[in-house]
Amino acid sequence: MAHQALPLRRYLATNAVVLAPPFVGLAGLWWHGDLALRPALIAAAGIGVVTILLLQRYLGALGRFARFVSELSGDQEPVMPRLKFAPATEELAVAAAILASGWRRQRASIDNLAASAQAIVDGLPDPLIAVDRQRRIVRSNRAAVALLGPVVAFRDLSTVLRYPALLSAIDTLLSVTDGNFHGPDHVAVDLMLPGPPELDVIAHAQRLPRAAADGSLALIVLHDTTALRRAERMRADFVANASHELKTPIAGLLGFIETLRGPARDDAAARERFLGIMAEQADRMRRLVDDLLMLSRIEQHEHARPDAAVDLGRVLAGVGDLLQLKASSRKVTLELAVEPTLPAAVGDYDELTIVFQNLIDNAIKYAKPATTVRVTARPAGEDRVSVAVADESDGIPAAHLPRLTERFYRVDTARSRQLGGTGLGLAIVKHVVNRHRGRLEIQSTPGKGSVFTVTLPAAISQK
Ligand SMILES: Nc1ncnc2c1ncn2[C@@H]1O[C@H](COP(=O)(O)OP(=O)(O)OP(=O)(O)O)[C@@H](O)[C@H]1O
Ligand SMILES: [Mg+2]
């Protein structure tokens, strides 16, 4: 610690002020003849030496006190100096130390508050930026940095968000006329962040009732609505697709009704043929509506996992019996291989029947005539079972595989329609498998065939 000595002139002046009264007294005594010169000089010398010595110590103590007080404002608590030669300063030093420790405690709690405020802001999942009256960035959170890259404080907001619509909305929010804010204290602006990945975002800007201690006057929160928009688009697509699927058979039915009422009214043979086609169309509509209802029912319960023990051998045998006729009509051989040690699956009997009915129906439907559809059920690992449905067909081009389980998605729409498909089968399969906490894997080799494998939790893991 630098020793801060009292400046020489002040030191001399202090000594002079203290020594002046005794010296003047001695001079007076000598002047009036009450004291001889020699004793007067000796007394003056004695007083001078003692006073200077005592004063030096006193001034030293004062200097230490001054240093101590100035050090109290630092980060570290200084050691209390020896102040014996200046008793009052000792008390002052103690009082100052108490004051400083109180101030230090308060500063720590303010630092704490500031840190927890930043922690809360950082913990928000949505990016947040606070700007001051001049639209300069005052603070930002971790999500903002993750989305926008480094956000430099005290730069204009446009350095990170260069969207004219947002900037002018914030300018309006912060504009003051006659010392008052006008207009709403909140604006929401739709933005498209180019990415990648491209994001749909709503920027909510909120003006605070008054500027915060750090100068923040408006908060901008970016809320990612990409998933919401995508879901909205999917729902709109779904409704459009479903209506389109229903429109075709309805138009067919209306056409035939018209014909039966008019030109074919008295043609018994045509009537018979048309009624057959109408029944087919009506059946197609029924299947479509049944599938849609089933899909929505499964989706509603997707979060609840079914927990019965299901004998997959029995399920597959049932489905095999049901589809045997269809297979024979296409000269397709249905081969069922269930390992004797196969444990039960954890699930719902009816829903798993629907899954394998769809997969085996597809395999028979899309297989080349006079080929074999092989269904193999075996344990998979310690606590799972798998069922593979393999066909010999033209296969599915790889580009289609990721989208195959989307509603109404077909590789060849005309062919699927002609084969009586609604395009909802694999969507239903995927949702049921999800509800069972299982997996659906699709492998396909163009020109050879496809294998659809469903893996489900086995009942043994529950014991
Ligand atoms: N085993 C398969 N081989 C070749 N293509 C298949 C196979 N399984 C499904 N696909 C293709 O996937 C599409 C979707 O199948 P999905 O089962 O969802 O619909 P679908 O069979 O057309 O109608 P349905 O709702 O009556 O089952 C089919 O249209 C077809 O193009
Ligand atoms: Mg199908």
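The values are calculated or read from the model by the stated rules, or taken from the named source; none is laboratory data. Nothing here was measured: the structure is a model prediction, and the numbers come from that model. Ideal geometry is used to build each Cβ from the backbone, glycine not excepted, and the neighbour counts take in all protein chains shown. Heavy atoms of the whole protein, side chains included, go into the accessibility calculation; ligands, DNA and RNA do not. Shrake-Rupley method; radii C 1.70, N 1.55, O 1.52, S 1.80 Å.
Structure above, values below:
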{"item": "Given (1) part of a helix (DSSP H, G or I); (2) surrounded by 13 or more Cβ atoms within 10 Å (Cβ to Cβ); (3) at pLDDT 90 or above, number of the condition V187 does not satisfy", "result": "(1)"}
{"item": "So V346, is it touching a Gly at 6+ places or on another chain (Cβ under 8 Å) and not in a helix (DSSP H, G or I)", "result": "no"}
{"item": "Checklist (1) of a type in the set (A, V, I, L, M, F, W, C); (2) part of a strand (DSSP E or B); (3) surrounded by 15 or more Cβ atoms within 10 Å (Cβ to Cβ) applied to A337, failing item", "result": "(3)"}
{"item": "Residues of the stretch 332-341 satisfying the condition of being modelled with pLDDT of 95 or more and of a type outside the set (A, V, I, L, M)", "result": "T333, E335"}
{"item": "Selected residue (criterion: nearest to ligand 1 (Cβ to nearest atom)) from residues of the stretch 451-460 that are out of contact with any helix residue (DSSP H, G or I) (no Cβ under 7 Å at 6 or more places or on another chain) and in a strand (DSSP E or B)", "result": "V451"}
{"item": "Odd one out for A143 among (1) open to solvent by 50 Å² or more (accessible area, probe 1.4 Å); (2) outside any loop (DSSP other than H, G, I, E, B); (3) aliphatic (A, V, I, L, M)", "result": "(1)"}
{"item": "Test: residue in the stretch 404-423 that is away from ligand 2 (no atom under 14 Å from the Cβ) and either in contact with a His (Cβ under 7 Å, 6 or more places away or on another chain) or not small (G, A, S) (or both)", "result": "no"}
{"item": "Residues within the stretch 363-386 that are closer than 11 Å to V451 by Cβ, within 44 Å of the chain's Cα centre (by Cα), away from ligand 2 (no atom under 16 Å from the Cβ) and not polar (S, T, N, Q), tallied", "result": "0"}
{"item": "Any hit, the stretch 224-240, residues being of a type in the set (G, A, S), without any contact (Cβ under 8 Å) to a residue 40 or more places away in the chain and surrounded by 14 or more Cβ atoms within 10 Å (Cβ to Cβ)", "result": "no"}
{"item": "Odd one out for L260, checked against (1) part of a helix (DSSP H, G or I); (2) hydrophobic (A, V, I, L, M, F, W, C); (3) in contact with a strand residue (DSSP E or B) (Cβ under 9 Å, 6 or more places away or on another chain)", "result": "(3)"}
{"item": "Inter-residue pairs, beta-carbon under 8 Å, first assigned by TED's automatic domain parsing to the domain that holds L193 and in the stretch 166-177, second part of a helix (DSSP H, G or I) and of a type outside the set (S, T, N, Q), 6+ apart", "result": "L167/L157; I170/L157"}
{"item": "Long-range neighbours under 6 Å by Cβ, at least six apart or interchain, first residue assigned by TED's automatic domain parsing to the domain that holds D383 within the stretch 420-448, second of a type in the set (F, W, Y)", "result": "G423/F408; I442/F452"}
{"item": "Qualifying positions in the stretch 151-184 - charged (D, E, K, R) and not in a loop (DSSP other than H, G, I, E, B)", "result": "D156, D171"}
{"item": "Selection status of G60, out of contact with any Cys (no Cβ under 9 Å at 6 or more places or on another chain) and open to solvent by less than 40 Å² (accessible area, probe 1.4 Å)", "result": "yes"}
{"item": "Residues of the stretch 424-440 that turn out to be more than 16 Å from ligand 2 (Cβ to nearest atom) and over 29 Å from the mean Cα position of the chain (by Cα), as a count", "result": "0"}
{"item": "Residue within the stretch 261-276 that is surrounded by 12 or more Cβ atoms within 10 Å (Cβ to Cβ), closer than 27 Å to T453 by Cβ and free of Cβ contacts under 8 Å to residues at least 40 places away in the same chain present", "result": "no"}
